[in-house]
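The values are calculated or read from the model by the stated rules, or taken from the named source; none is laboratory data. A quick note: this is a predicted structure, and the numbers were derived from the prediction, not measured. Quick reminder, even Gly has a Cβ in these numbers, built from the backbone with ideal geometry, and neighbours come from all protein chains shown. Ligands, DNA and RNA are stripped out before the accessible areas are found, and what is left, the full protein with its side chains, is counted by its heavy atoms. Shrake-Rupley method; radii C 1.70, N 1.55, O 1.52, S 1.80 Å.
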Amino acid sequence: MLELVIVFSILFGFLCFKNFDAGIYFAFLLLPSYRVQFDILGFPMNLLSIIIWIIVFVFFIKNIKNISNLFRNFKQNITTNSFFKNFRWPISVILIMSYLAIFYSSSQIKALGIFKSYFLECLFLFIVLAFTIKTKQQFKNIIYSLGILSILIFILGLYQKLTGDFAFNTTDAIEKGRITTFFGYPNANGLILVPVFFLNLLNLFEDKKLHLKIFNVLVFVLIFLTIFWSKSESAIIAIISGLIIFASLKFFNNKKYFIFVVSLVLLISFVFPFLVRAPSKIDEPNTEIYSIKEKLLLQDLSGQIRRQMYKETIDFIKDNPVRGAGLVGYQEKIVNYHKFNYIEIFLYPHNIFLNFWIALGIFGLIGFFWLIIEFMRVCIKSYFNNSKEQIFILLTMLAVVIQGTVEVPYFKNDLSIVWWFIVLGCLLFRVEK
């Protein structure tokens, strides 16, 4: 395994030196490579981490002659009202709190790995992209890479659907008719494909050539089929909700309406876990068949588990509001609040805001909220300053938040990279007057 990784690293490094943009495009195409895991001197690593560090290393090597100017420009970007502008402070809060959360965790070694993969590497890549992706075409090319990845995910999903073989699943999902493709569980498909679906709208509306439009439509169709075969209900709801929001935004096309929709989505997603009631009992698996109404009202097995999970998480937060549980402490620290022993304790509570609160503490949540609000403000302001791309960037983040009401759309290697890519789009297409 390690020998193959070394050979791949050499070849990928050569590609980055010859064509740095192509290396970035391939990195997004290879997002599932985090599943290729190994140890280096006893420290856990994965192939996607190697890819990111190669990109970062090559970036600095290729700019070594301008290294002083690079750091001078970086300092200007961070400290002045230029590219990063008001984003620098919430990003700094998130990074600092994610680092401190290592020491609040039950296992600092595992927490260090989470910090490295979900925050440090993603932000390094985000900064490299900020200095590299300067044009709309470069940004669109990354979306094309994600589109090709979606097709590859579909192909493997089709093979699993037809044969039941070649399944990288950590559950009995295949036996239940759900595909896992490259990932360890079915919902991972919906989590990666929902943002790709809405980012692809940008290309569909921008592309003029027929073959590119055909490609974009194909991506939409195959994404929906993959999500349908994965039976990822949260992803289906996020796509339907996102398309309805998109139609309404285009129809009203009013700044106050945009602000209203954004505020409503953020408010509902945040307060949702606090409003639902925990179930009095949780059904035994595979004993009930649920209607669509019961699924929407979280009365099915999955909904019952989430409602109970929210209750346990909120009880824990009431006792530990500032620190949370640390990056990897949730499963261990929630035990005393866990009611149904035959239901597993998941890695994180399935709500995007509770996830950050539990993992990074109250100040990490504040940093995340701050960044999201600034993101939405810039998208809306830029859109009405004639940056038409921003409606697709805004829509993508709204869809992620909608799905994140009942899912974990950030705390995974590939998802965190895509999340910061969406933030990059907001900055790249910013127009503020």
(message) For segment 1-52: of the residues being of a type in the set (Phe, Trp, Tyr) and in contact with a Leu (Cβ under 8 Å, 6 or more places away or on another chain), which is farthest from residue 63 (Cα to Cα)?
(response) 38
(message) Looking at segment 308-332, I want the residues that are without any contact (Cβ under 8 Å) to a residue 40 or more places away in the chain and have a partner that is assigned to a helix (DSSP H, G or I) with Cβ atoms under 6 Å, at least 6 apart or on another chain. Which pairs are those?
(response) 312/337; 315/337; 330/358
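May I ask you to say which residue of 432, 389, 407 is more than 18 Å from residue 191 (Cβ to Cβ), among the charged types (D, E, K, R) and surrounded by 21 or more Cβ atoms within 10 Å (Cβ to Cβ)? Steps first, please.
Working: 432 fails: surrounded by 21 or more Cβ atoms within 10 Å (Cβ to Cβ); 407 fails: more than 18 Å from residue 191 (Cβ to Cβ).
Just a single option satisfies the conditions, and that option is 389.
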(request) Have a look at 366, 352 and point out the one that is surrounded by fewer than 23 Cβ atoms within 10 Å (Cβ to Cβ) and within 20 Å of residue 420 (Cβ to Cβ). (result) 366
(message) Could you tell me how many of the residues in segment 103-142 are of a type in the set (Val, Ile, Thr) and open to solvent by 10 Å² or more (accessible area, probe 1.4 Å)?
(response) 5
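Confirm whether residue 194 is of a type in the set (A, V, I, L, M) and surrounded by 23 or more Cβ atoms within 10 Å (Cβ to Cβ).
Working: of a type in the set (A, V, I, L, M): yes; surrounded by 23 or more Cβ atoms within 10 Å (Cβ to Cβ): yes.
It is true that residue 194 is of a type in the set (A, V, I, L, M) and surrounded by 23 or more Cβ atoms within 10 Å (Cβ to Cβ).
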(request) Quick one: count up the residues across segment 383-433 that are without any contact (Cβ under 8 Å) to a residue 60 or more places away in the chain and of a type in the set (Val, Ile, Thr). (result) 1
(message) Considering only segment 66-80, I want to know if a residue exists there that is at pLDDT below 90 and within 19 Å of residue 368 (Cβ to Cβ).
(response) no
(message) So, residue 125, is that one in contact (Cβ under 8 Å) with a residue 24 or more places away in the chain, touching an Asp or Glu at 6+ places or on another chain (Cβ under 7 Å) and not in a loop (DSSP other than H, G, I, E, B) or not?
(response) no
(message) I need a count of the residues in segment 282-328 that are open to solvent by less than 30 Å² (accessible area, probe 1.4 Å) and more than 26 Å from the chain's Cα centre (by Cα).
(response) 2
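Criterion first (open to solvent by 10 Å² or more (accessible area, probe 1.4 Å), more than 23 Å from residue 249 (Cα to Cα) and of a type in the set (Lys, Arg)) does residue 381 satisfy it? Break it down stepwise before answering.
Numbers: open to solvent by 10 Å² or more (accessible area, probe 1.4 Å): yes; more than 23 Å from residue 249 (Cα to Cα): no; of a type in the set (Lys, Arg): yes.
When the stated conditions are applied, residue 381 does not pass them.
For the subset of segment 143-163 comprising residues that are out of contact with any Leu (no Cβ under 9 Å at 6 or more places or on another chain) and open to solvent by 30 Å² or more (accessible area, probe 1.4 Å), which member is modelled with the lowest pLDDT?
163
Suppose we filter segment 251-267 for residues that are free of Cβ contacts under 8 Å to residues at least 12 places away in the same chain and assigned to a helix (DSSP H, G or I); how many remain?
From segment 251-267, those free of Cβ contacts under 8 Å to residues at least 12 places away in the same chain are 251-254, 256-257, 260, 263-264, 267; that's our starting set.
Adding the requirement that they be assigned to a helix (DSSP H, G or I) leaves 251-252, 256-257, 260, 263-264, 267.
Residues flagged as free of Cβ contacts under 8 Å to residues at least 12 places away in the same chain and assigned to a helix (DSSP H, G or I) within segment 251-267 amount to 8.
Yes/no per residue for (1) open to solvent by less than 70 Å² (accessible area, probe 1.4 Å); (2) within 18 Å of residue 118 (Cα to Cα):
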{"position": "1", "(1), (2)": "no, no"}
{"position": "6", "(1), (2)": "no, no"}
{"position": "9", "(1), (2)": "yes, no"}
{"position": "13", "(1), (2)": "yes, no"}
{"position": "23", "(1), (2)": "yes, no"}
{"position": "28", "(1), (2)": "yes, yes"}
